[in-house]
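Have a look at the structure below before the remarks.
Derivation of every value follows stated rules applied to the coordinates shown; laboratory data play no part. Fair warning: this is a prediction, and the values are worked out from it, not measured in the lab. Ideal geometry is used to build each Cβ from the backbone, glycine not excepted, and the neighbour counts take in all protein chains shown.
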Amino acid sequence: MLTRPICAALYTELPLQRAQTVSDSRINGVFPARYYRSSPRGLTRRQEAVRACKSFPELIDISEKVAGRIWKNSEVTVYDTACRVGAYLGIEPKLVYLHAGVRKGAKALGFKGSLPFISPSKLPKEFRKLKPDEIENCLCIYRDALKRLRKELA
C-alpha cells in the first residue's frame, strides 16, 4: 500500500506521526491543516494509477492533478511529491524540472524561464556529471552565485 510513502512525501516538514493525526487549524503557522489532509487523500485515491507509473512525467502529472487543486503555487510541491513517491517506486527524473529557484538558476545559465524542464545534455559539461535531481539542487542552491558569475563573465 502506498499510503505511508505518499504521506511521507507530503509531510516532509513534519514528523510523520504528527502529520497523520494533524488537528491544528494551521501547521507551522503557514499552511491550513486541511491542505495537509487533502493532498494524501487525493494521491491515495489514485494509488493504482501511482503504482502503474513507469516514468517520472507520469508521476508529475498525477501529483499536478492533486496538488494543483489544493495549493496556489504548486510547482515545488508537485516536483517534491513526485520525487519522493518516485524514490519509493524506483522512478527517477531523467530531465531537470524547472520550478521556483531552479528556474532562476537555469535563467542565470541562459535558459528561458518559461521552459518546464531541460535535458542535462543541454547544460554545461560540469553539470552533466550529476544526476538530474542533483542538478536541480545545484541550480536552486547556487542560483545567486550563477547569476553573479554570469554578470562577471559578460
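Tabulated results
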read-out: Relative pair counts by distance (%), Cα atoms of the stretch 96-153, 5 Å bins; value: 4, 23, 34, 27, 10, 1
read-out: Phe117 long-range amide H proximity, modeled H, under 5 Å; value: Leu98
read-out: Estimated distance in nm for a label pair at Asp61 and Glu152, the labels positioned 7 Å out from Cα along Cα-to-Cβ; value: 4.4
read-out: Residue exposure sequence - Ser63, Ser74 - by fewest surrounding Cβ within 10 Å; value: Ser74, Ser63
read-out: Counted charge near Lys131, where neighbours are those whose Cβ lies closer than 11 Å (Asp, Glu -1; Lys, Arg +1); value: -1
read-out: Ranked Ser119, Ser114, criterion: other C-beta atoms within 10 Å, fewest first; value: Ser114, Ser119
read-out: For the stretch 95-154, size of Cβ-based charge dipole, Lys and Arg +1, Asp and Glu -1, in debye; value: 240
read-out: Contour excess over end-to-end distance, with Cα ends at Glu92 and Ser121 and 0.36 nm allotted per residue; value: 8.8 nm
read-out: Residues Leu130, Leu146, sorted so that the one with the fewest Cβ neighbours within 10 Å comes first; value: Leu130, Leu146
